[in-house]
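Below is one structure, written out as structure tokens; the observations come after it.
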Amino acid sequence: MKNCTLCQERIADKLNSHIIPKFMCKRLFENSNPRHSIQLSKDGKQFKLQDVPKENNIFCKQCENRFEKLETYFSRVLIEINSLQNAVRKYEIELTDNQDVLSCNDITPSLFHLFFYSLLWRASISKHILFDTFKIGTEVQEELRIFLNENLFDTQKDLLLNAKTITKIPIYHTCFIKPKNNTRGIFSAYNFAPNAYAIYTVDYALFFYTKEDDCMPAHKLYGNISNEIIKVVLANDENWKVLNNSVVKNMLDYQTPR
Ligand SMILES: [Zn+2]
């Protein structure tokens, strides 16, 4: 058996590792009819998954547990953000250029980056067919691995304590977007332009840029970088549609490097 992809020290003995946490894509598997489609981008192929994508023997049990501690924490944070009423009570909504942005001043920025990068990194190292169209360059991928490996812990207490002391976060533009209203979204993950990456999980859209010059201006304006207060964009129906269309257009025009 090969070694764990995260720690690279222990045997990758864990079965059924989630690439994207269950709580982030569970709406895909609710018994609605028809179910959300899973979009395999590029050739426009779509299919329906029966379950959240899982993979065997990529992590050791200890590293899987470390991811779980981070996810348990963020499942609570995102439940709050999902309920706009709770979010408004807890966070400040700022209007920037006609766009509502949630200013999440009680989320430790380094913790948010751990979570965001853990999603991107796992999507990138995954061999699951869903993530075929999503590959971060090896150098950045390794930088994220080291950041995750050094800062994920076996207990939530240690995770939170350590997060307060992190001073070196890999610096990349990211943007976290939540549609204000429930959408009939898609699940997909792809490189949509040079140095530009997107993951749609039905409830959220995540953007990641490995070069500042390639970051869409709106994502630079509303997004996150480094140790600042975390922002979550609340897209209204119209913005969400424009966003989806522009990303899909870019993606169709762009050939993923192999
Ligand atoms: Zn491991």
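Taking only protein heavy atoms into account and a 1.4 Å probe, give the accessible area per residue of the range 72-142 in Å².
Ligands and nucleic acids excluded, the figure is 44 Å² per residue.
Enter the accessible area of Leu6 (Å², nearest 10), with the probe set to 1.4 Å and all protein chains included. Near enough 0 Å² of accessible area.
Extension gain, Val88 to Glu212, is 41.6 nm, computed as 0.36 nm per intervening residue step minus the present C-alpha separation. Kindly identify the range 88-168 as rounded, prolate or oblate by the Cα gyration tensor criterion: order the square roots of the eigenvalues as a ≥ b ≥ c, call it rounded if a/c is under 1.5, otherwise compare a/b with b/c, prolate if a/b is larger, else oblate. Because a/c hits 1.5 or more and a/b fails to exceed b/c, the range 88-168 counts as oblate. For the range 124-197, the carbon plus sulfur part of the accessible surface works out to 54%, probe radius 1.4 Å.
Aspartates and glutamates within cross-link reach of Lys22: Cα-Cα under 19 Å, excluding same-chain residues under 8 positions apart? Cross-link targets: Glu30, Asp51, Glu55, Glu64, Glu68, Glu71, Glu80, Asp203.
The charge dipole of the range 103-258, taken about the Cα centre with unit charges on the Cβ atoms of Lys, Arg (+1) and Asp, Glu (-1), comes to about 280 debye, rounded to the nearest 20.
Count Lys and Arg as plus one, Asp and Glu as minus one, and take only other residues whose Cβ is under 12 Å from that of Cys175; the net charge is then +3. Placing dummy labels 7 Å off each Cα toward the beta-carbon, the span from Glu80 to Thr96 is 2.0 nm.
The values are calculated or read from the model by the stated rules, or taken from the named source; none is laboratory data. The shown structure was predicted, so the numbers you read here are calculated from the model rather than taken from an experiment. Quick reminder, even Gly has a Cβ in these numbers, built from the backbone with ideal geometry, and neighbours come from all protein chains shown. SASA here: full protein model, heavy atoms, side chains in, ligands and nucleic acids out. Shrake-Rupley method; radii C 1.70, N 1.55, O 1.52, S 1.80 Å.
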